[in-house]
Protein chains: 2
Amino acid sequence: MKAMIITDFGGPEVFAECDWPKPQPGVTEILVRVHATSVNPVDYKIRSAGSWAGVTPPAVIGYDVAGVVEAVGAGVKRFKIGDEVFYSPLIFGGQGSYAEYHVADESIVTFKPSNLSFTEAASLPLAGCTAWDAIAFMQLGPGQTVLIHAAAGGVGSLAVQIAKASGARVLGTCRAANQPMVRSLGADVVIDYRTEDFVEAALRETEGRGVDAVYDTVGGDTLARSIQAVRPHGKLASIVDTSGDLNGAYGKNLRLYFGFMERSGEKMEILRVLAERRQLRPVIDSLMPLNQVANAHRRLEAGGVSGKIVLQIHP
Amino acid sequence: MKAMIITDFGGPEVFAECDWPKPQPGVTEILVRVHATSVNPVDYKIRSAGSWAGVTPPAVIGYDVAGVVEAVGAGVKRFKIGDEVFYSPLIFGGQGSYAEYHVADESIVTFKPSNLSFTEAASLPLAGCTAWDAIAFMQLGPGQTVLIHAAAGGVGSLAVQIAKASGARVLGTCRAANQPMVRSLGADVVIDYRTEDFVEAALRETEGRGVDAVYDTVGGDTLARSIQAVRPHGKLASIVDTSGDLNGAYGKNLRLYFGFMERSGEKMEILRVLAERRQLRPVIDSLMPLNQVANAHRRLEAGGVSGKIVLQIHP
């Protein structure tokens, strides 16, 4: 099968198109013909130095799949040949999805939302489950207010929608150019983080009390600065490394969540239901053929992507 | 009444003995003749610069009380004159306990453990409820392992006992001189943090997996370094300011708790029950008369105190 492998750890130039052995499904695994995949920040972290993830070049990386079941192991119970599925491949101990075929244990898979194309469905698994985990930690509900950093980003754009679906009021930071898009996802207030201090905005929008929860997908000192924006007994969620002292956190009785998404079919099923109920819609920045993956990485690393970059494999 | 007031914000020299108006109980308040109080780190933080706590010198500070009810407001339901009680005075909006009498709303008070002296009981409220909050967050139980930093300290020495009472295995850091005391509280492993790396010790004692939870009452980079000592999906609790980047936390799916103890009679009732069941015993470093409070602060700020310094007011 064709695959875009990494020939070494390094910059986007390490990608090369090659023939790679087609994987074979084990007893509880399915073989999926991959129609589309998408790129996530973890992809370039692994591409540049992925030994922490157990990756040894040459290797196939990539962590989103939407496709069709082509073969099933003898012990597979839920899926049959021809089923349309979507899921996020395991980061540890599996092959990635930048390839024509992928094998996965059926426990991390569910059926593709019936109202989404393969392209749309491939944008959701990793980013959607990541956003779901953080919003679930926050236990958001009607009457609450959440501040979502990078609300136009791959994870942020889905977090905005899940927070809205939960009944919360959503403040989102983004560039001025992305404000209409973020509003269209349901954000009640958009904050241009380049011209406005998000702490001031959060306090202004909550009559000085602070928001109930903050979601940091940015990193750096964003989490530390967010302590000033959250109310006592509030919650902070992060999916990135942070810098800066968390002084003041103990005086506010804060709870923090640091998340690295773990795969499950149950979690994918939640995404399927949200998509079919129109509570979660894919946000696609652009669509490229798989052999343009190096350019996709360059764009993602440069920042400013709105939603997800999807890679098409089989049309 | 006699009180040791702070005449200004500053060092221990700001304490002065003076006559201070005896407080009068409001409708739901009790007037307590204070037999003993104790010193906590928050005391010297407020003494040195306590405007954040709403304190304006001259003022009475101090946040532990064991004493006898001398008068009750018209709406008080649970207590009557002569009852022996213990509690932690509110930090925000109330007068402290370095005085002959103290007034408190009955909602934050409970009965003194019947098996403890006033001196012993006065060592428990603030530190004990603080330790309880953190251990409750950790949801410790049999089969789990917790690392408690500063296990000989005022909060740490109580946290060790509550963690043991919860069925967990306890690793505690302390100086060599305090090892016998910390073992006597129930710690299974004591780590001399000055000669041994606590991360190495934690990994060694858990066959490389990492502990289930870590309690930081030390501050500085202790919390950041503890990320290496805890297992994936583990918990970190802190009651102090921290410095250092929390890198690696998101890759481990960690949950963090930053606690600032809030008062309630229900929480005090838990301490009473634990004390009467002999699951929590006071750890008293030393006993001083109230007029030695400046020296008590000096000792506490210098570090190395084992358990609590208690101040006697009425014998």
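Counting just the residues of the range A:31-58 that are away from chain B (no Cβ under 14 Å) and small (Gly, Ala, Ser), which one comes out nearest to the chain's Cα centre (by Cα)?
Out of the qualifying residues, it is A:SER38.
Determine whether A:VAL55 is under 18 Å from A:ASP105 (Cβ atoms), at pLDDT 95 or above and assigned by TED's automatic domain parsing to the domain that holds A:MET288.
Details: under 18 Å from A:ASP105 (Cβ atoms): no; at pLDDT 95 or above: yes; assigned by TED's automatic domain parsing to the domain that holds A:MET288: yes.
Spelling it out, it is not the case that A:VAL55 is under 18 Å from A:ASP105 (Cβ atoms), at pLDDT 95 or above and assigned by TED's automatic domain parsing to the domain that holds A:MET288.
Is it the case that some residue within the range B:60-78 is under 20 Å from the mean Cα position of the chain (by Cα) and more than 27 Å from B:VAL273 (Cα to Cα)? Before the answer, list the steps.
Quick first cut of the range B:60-78, residues under 20 Å from the mean Cα position of the chain (by Cα) only: B:60-67.
Then drop every residue that is not more than 27 Å from B:VAL273 (Cα to Cα), which leaves B:60-61.
Yes - at least one qualifying residue is present in the range B:60-78.
Let me confirm something: among B:ASP19, B:ASP64, B:ASP105, which residue is on the phi < 0 side of the Ramachandran plot and open to solvent by less than 50 Å² (accessible area, probe 1.4 Å)? Give the derivation first.
Numbers: B:ASP19 fails: open to solvent by less than 50 Å² (accessible area, probe 1.4 Å); B:ASP105 fails: open to solvent by less than 50 Å² (accessible area, probe 1.4 Å).
Going through B:ASP19, B:ASP64, B:ASP105 in turn, the sole match is B:ASP64.
Could you check how many residues of the range B:262-289 are touching a Gly at 6+ places or on another chain (Cβ under 9 Å) and within 29 Å of B:SER107 (Cβ to Cβ)?
10
Grab the strands (runs of 3 or more DSSP E) fully contained in the range A:199-315, keeping just those with 2 or more residues being within 14 Å of another protein chain (Cβ to nearest Cβ) and open to solvent by 50 Å² or more (accessible area, probe 1.4 Å). Can you show your working first?
Numbers: elements: A:211-216, A:230-238, A:255-258, A:284-289, A:308-312.
So the answer is A:230-238.
Got at least one residue in the range A:18-33 being free of Cβ contacts under 8 Å to residues at least 12 places away in the same chain and of a type in the set (Phe, Trp, Tyr)? Reasoning before the result, please.
Restricting attention to the range A:18-33, the residues satisfying the condition of being free of Cβ contacts under 8 Å to residues at least 12 places away in the same chain are none.
The answer is no; no qualifying residue exists.
The values are calculated or read from the model by the stated rules, or taken from the named source; none is laboratory data. This structure is a prediction, so every number in the text was calculated from the model and none was measured. Virtual Cβ from ideal backbone geometry, glycine too; neighbours counted across all protein chains shown. Surface accessibility is based on the protein's heavy atoms, side chains included, excluding ligands, DNA and RNA. Shrake-Rupley method; radii C 1.70, N 1.55, O 1.52, S 1.80 Å.
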